[in-house]
Every structure is written in C-alpha cells, then in structure tokens.
1. Just checking, which of I53, I81 is touching a residue at least 40 places away in the same chain (Cβ under 8 Å) and more than 21 Å from M1 (Cα to Cα)?
2. Any residue in the stretch 1-25 that is under 16 Å from Y72 (Cβ atoms) sitting within a Cβ distance under 8 Å of a residue that is surrounded by fewer than 12 Cβ atoms within 10 Å (Cβ to Cβ) and at pLDDT below 95? List the pairs, counting only those 6 or more apart or interchain.
3. Please verify whether S78 is over 30 Å from E134 (Cα atoms) and among the polar types (S, T, N, Q), treating the condition exactly as stated.
4. Hey, can you tell me all the residues within the stretch 118-139 that are surrounded by 11 or more Cβ atoms within 10 Å (Cβ to Cβ) and either under 18 Å from the mean Cα position of the chain (by Cα) or basic (K, R) (or both)?
5. Taking the conditions exactly as written (under 30 Å from V54 (Cα atoms), in contact with a helix residue (DSSP H, G or I) (Cβ under 9 Å, 6 or more places away or on another chain), exposed (fewer than 15 other Cβ atoms within 10 Å of the Cβ) and touching a residue at least 24 places away in the same chain (Cβ under 8 Å)), does E75 satisfy them or not?
6. Give the residues of the stretch 86-130 that are outside any loop (DSSP other than H, G, I, E, B) and of a type in the set (S, T, Y), sorted by residue number.
7. Could you tell me whether the stretch 113-123 includes any residue that is in contact with a strand residue (DSSP E or B) (Cβ under 8 Å, 6 or more places away or on another chain), over 27 Å from K29 (Cβ atoms) and either in contact (Cβ under 8 Å) with a residue 40 or more places away in the chain or polar (S, T, N, Q) (or both)?
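The values are calculated or read from the model by the stated rules, or taken from the named source; none is laboratory data. For clarity, every value in this text was computed on a predicted model and none was experimentally measured. Neighbour counts run over all protein chains shown; Cβ positions are idealised from the backbone, glycine included.
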Amino acid sequence: MSLKKRLSDLFEEYVKTTSYELVELTYQKEGPNKVLRILIDNEEPIRVDDCVIVSQAFGQILDDGDFLKENYSLEVSSPGIDRPLVKLKDFDRFKGNKIVIKLVSPIKEIDPKRFKYEGNLKGVDEGIIILELENEEIRIPYSAIKKSNIIYEF
C-alpha cells in the first residue's frame, strides 16, 4: 500500500470522529521538504479555527504513530470556492453548479479530440456524470475523469 493511501486511510479514520470530510490529500516534495496538504470540508463553511483544530489533532496522530520519517510540513485548508470534485458523491452533492471536467483521455463517443468540458452538473447516474452543455446532455464515466472542480461565478 502506498504512503499516500495509508495517510488517506489514517485521515479518514480520524475524521469519523468529527464532522469534517476529507476532500483531497496530497503528499509531495516542495523545495527541500515534503508537504502533506489536506483539504477538508464540512456542512458549514470551513473557518481558520477548523483548520487549526484538524492540523493539531491529525499532526499529533502522525507524530504518535511515527508515520513520516522525513521532514514535512502539514497544511490543512478549505477546498476554496473552486472546490475540487474528487469522490463520486461530490458530483451528486454539488449538482446544479457549473463545473469543469478534465479527462484522462478523450471519449470518442462524445468527441475524439476533446479533453476538457465545462457545463452545468446535472448529477450522477450509476457512476456516470451527467453534464449539460448548451442544452445538450453528455454522460461522462467517473473513471474517465482526471480532475474536476466547481467554477465559481461572480
């Protein structure tokens, strides 16, 4: 099991005791050290106090378990207004929002050259994301998505 997967599982175990949700976890080298970056969400907007609470609690779990042997920084933050849609349930929760989807590779049945779609998220149907583009609905398999996030409109 990869270190990232172990860290994600450990964090998921921690958040079961809280009202927070793991949106995304990355662990990568930046400069001389590694950075463990965790995006959290909640039913209520995430505040700085929430990030501090989670950072202190999860940092202690990491230290007690001696999971990371190298120097690292822990960053906990909200997903922001352009929240990534990572889990399948995210696409159901945020239906009605304008989103962008970037594909792993083009879907020849939709457009054999296109990697990116922007449109209104209609929801999910058995692992298929339904996206409305200018009065046309397209269906994108969740497994074909490389990256997706909400487009905040001012």
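1. Sole residue among the options that is touching a residue at least 40 places away in the same chain (Cβ under 8 Å) and more than 21 Å from M1 (Cα to Cα): I81.
2. Hits for this filter: L10/G65.
3. Yes.
4. Passing the criteria: E118, L121, K122, G123, V124, I128, I129, R139.
5. yes
6. Residue satisfying the conditions is Y117 alone.
7. Taking every residue of the stretch 113-123 in turn, at least one turns out to be in contact with a strand residue (DSSP E or B) (Cβ under 8 Å, 6 or more places away or on another chain), over 27 Å from K29 (Cβ atoms) and either in contact (Cβ under 8 Å) with a residue 40 or more places away in the chain or polar (S, T, N, Q) (or both).
So that you can scan it fast, the table gives a plain yes or no per residue for (1) closer than 30 Å to E126 by Cβ; (2) part of a strand (DSSP E or B); (3) outside the structural domain of V124 (by TED's automatic domain parsing):
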residue: T17; (1), (2), (3): no, no, yes
residue: E24; (1), (2), (3): yes, yes, yes
residue: Y27; (1), (2), (3): no, yes, yes
residue: R37; (1), (2), (3): no, yes, yes
residue: I46; (1), (2), (3): no, no, yes
residue: V52; (1), (2), (3): no, no, yes
residue: K69; (1), (2), (3): no, no, yes
